[in-house]
Amino acid sequence: MKILVTVKEVATVEDEFEIEGTKIAQQHLGADLNEWDDYAIEEAVQLQEDDVANEVVSVTIGPEDCEQTIRQALAKGADRAVRVWDDSLEDVDLLDVNAKTEILSAVIEEEDPDLVLTGVQAGDDSFAATGVSVAENLGFQWGAVVNHLEHDLEDGIASVRRELEGGVEELTELELPAVLTIQTGINEPRYASLRGIRQAQRKELDVKALADIGVDESTIESELD
């Protein structure tokens, strides 16, 4: 079984910061792996440790500057990574859900995983829609805001528990391939060990342009200003 995990670098802000114009001054900004994606990575790695999966692939959309952040997924146990970037994306401040859906769907079709894990949302845009949008685009079954996943995955079925509104939880079964959006608290993400960090620098990180995955530039034009 192959598991694909989508990951994202998000901006972090110091406790004390200054505003320049309408934005936080650059010197007060940092970067880190999206919190929700960290839980998705951990869930995938645990499935591999339980001999349910034999490969974990992480995928991100971002420039070269984000590679060290994305390598955190490799340091924590992912086998390899794919980074998608293109010159046509350089001037886009915020990719909308449709653009991310087109890009990620193309990579998923190429990788052909049995299970796709995403974070419930990203700490920067908080759209909380990409995972479900990708599933709908690919025709996969999906489960949103998953806070428990049975690790047997017998007969190509994923048994999950997910959060609904008002503190209600739902137990459901999904036929693979499927997309699950992972909620914080489903597990306890591990810290990357020194050995894992060293190994991550040697693991494969494949960089693809839009043309490499068959995505036309016109399809990723953002509708957000």
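Ignoring any ligand, DNA or RNA, what whole percent of the accessible area of region 55-125 comes from carbon and sulfur when the probe is 1.4 angstrom?
35
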With an 8 Å cut-off on Cα pairs and a minimum separation of 6 or more residues, tell me the relative contact order of the chain in percent.
-> 27
Could you run the Karplus curve 6.51 cos²θ - 1.76 cosθ + 1.60 with θ = phi - 60° over region 162-176 and give me ³J(HN,Hα) per residue in whole Hz, x for Gly and Pro?
-> 9, 7, 10, 6, x, x, 7, 10, 10, 9, 8, 10, 10, 7, 7
GNM on the chain, Cα springs under 10 Å; top mean-square fluctuation among Val132, Val92, Val120 goes to Val92
Cβ-derived FRET efficiency at R0 45 Å, Phe127 paired with Asn54, nearest 0.05 = 0.90
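Skip the ligands, DNA and RNA, and give the accessible area per residue of region 107-218 with a 1.4 Å probe, whole Å².
The answer is 55 Å² per residue.
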Helix 97-111 vs. the chain, principal-axis angle (Cα, 0 to 90°, nearest 10) | 50
Taking only the alpha-carbon positions of region 80-194 and ignoring solvent, what does the Debye formula give for the base-10 log of I(q)/I(0) at q = 0.16, 0.18, 0.19, 0.20 Å⁻¹?
-> -0.85, -1.04, -1.13, -1.21
Vicinal HN-Hα couplings computed from phi for region 183-195 (Karplus, 6.51 cos²θ - 1.76 cosθ + 1.60; Hz; Gly/Pro x) | 8, 4, x, 5, 7, 10, x, 7, 7, 6, 6, 4, 5
For the chain, with a Gaussian network of springs between Cα atoms less than 10 Å apart, report the residue from Glu204, Glu90, Glu55 with the top mean-square fluctuation.
-> Glu90
Karplus-derived HN-Hα couplings along region 33-47 (A = 6.51, B = -1.76, C = 1.60, θ = phi - 60°), whole Hz, x at Gly and Pro | 5, 4, 4, 5, 5, 4, 5, 5, 4, 4, 4, 5, 5, 5, 4
Neighbourhood charge, 13 Å Cβ-Cβ cut-off, centred on Asp112 and excluding it, Lys, Arg +1 and Asp, Glu -1 = -4
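The values are calculated or read from the model by the stated rules, or taken from the named source; none is laboratory data. This is a predicted model, so every value here is computed, not measured. Glycine gets a Cβ as well: all are built from the backbone with ideal geometry, and neighbour counts include every protein chain shown. Heavy atoms of the whole protein, side chains included, go into the accessibility calculation; ligands, DNA and RNA do not. Shrake-Rupley method; radii C 1.70, N 1.55, O 1.52, S 1.80 Å.
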